[in-house]
Amino acid sequence: MAYNDSDPQVPEADPAGQLPAPAGQPPAPLPGSAHNGLKIVIVGGFGVGKTTMVGSVSEISPLSTEEVMTQASVGVDDDSHVRGKSTTTVAFDFGRISLDSSNVLYLFGAPGQERFWFLWDQLFAGSLGAVVLIDTRRMKDSWYAIDRLEHHRMPFVVAVNRFDDGPQPSLSKVRKALAISDQIPVVECDARVRESSKQVLITLVSYLTRLASGRTG
């Protein structure tokens, strides 16, 4: 199935939030009627939870390009807030969600380290929209992601992935710190929890639907 990257039709978000069975259970095969592939990119800083989000919500076993971190990354990758992290994404993560019988959402988790940012523009090609995943301990790590998305004029939503040892600013304070428009959705999430990650994607699809219909409120 080819991505529909020329004026793709945005499906209405399911108000009941119905998505397929969690990863780990046998996924249903793609129906023969599936013809509209919608590409979504998940971006954010190093160790913010992008791989975790893709894995928690995908209906198939996600493809991951995680590799063991070595001494070569010392002084290059800032792991000061992710001391327990032993692996890192070196290309992208990939997952899939069937929205309905004809629309399929493909998720691409971008690598977070600065040395892999050159891959982002390639991942953005053909994408319908993006999720910017935020760690409140390192919000400045998200500025580059937002800058690149705005450069590509790609719609996005912001998802605040809360960590117990981090500051807990309100969503309005996060919006102000990121200096983004009031029209851009900013939501809470726990990337480890499928229902929470699912709601982030539903928020993005709803936002894209409003934009496609000319409504921003």
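The values are calculated or read from the model by the stated rules, or taken from the named source; none is laboratory data. Source: prediction; values computed, not measured. We place every Cβ from the backbone using ideal geometry, glycine too, and count neighbours over all the protein chains shown.
Within region 52-66, take every residue that is modelled with pLDDT of 90 or more and hydroxyl-bearing (Ser, Thr, Tyr) and give me the one that is farthest from Ile134 (Cα to Cα). It comes out as Ser58.
Against the test of being free of Cβ contacts under 8 Å to residues at least 40 places away in the same chain and either touching a helix residue (DSSP H, G or I) at 6+ places or on another chain (Cβ under 8 Å) or farther than 14 Å from Ile42 by Cβ (or both), the options Val174, Val193, Val187, Val200 yield a single qualifying residue, Val187.
For region 167-181, give me the residue count where each residue is in a loop (DSSP other than H, G, I, E, B) and either at pLDDT 95 or above or under 26 Å from Thr209 (Cα atoms) (or both).
Matching residues across region 167-181 total 4.
Entry remark, region 138-153: residues being of a type in the set (A, V, I, L, M) and free of Cβ contacts under 8 Å to residues at least 60 places away in the same chain number 2 in total.
The requirement of being polar (S, T, N, Q), closer than 20 Å to Gly55 by Cα, modelled with pLDDT of 90 or more and not in a strand (DSSP E or B) is fulfilled nowhere in region 150-166; no residue meets it.
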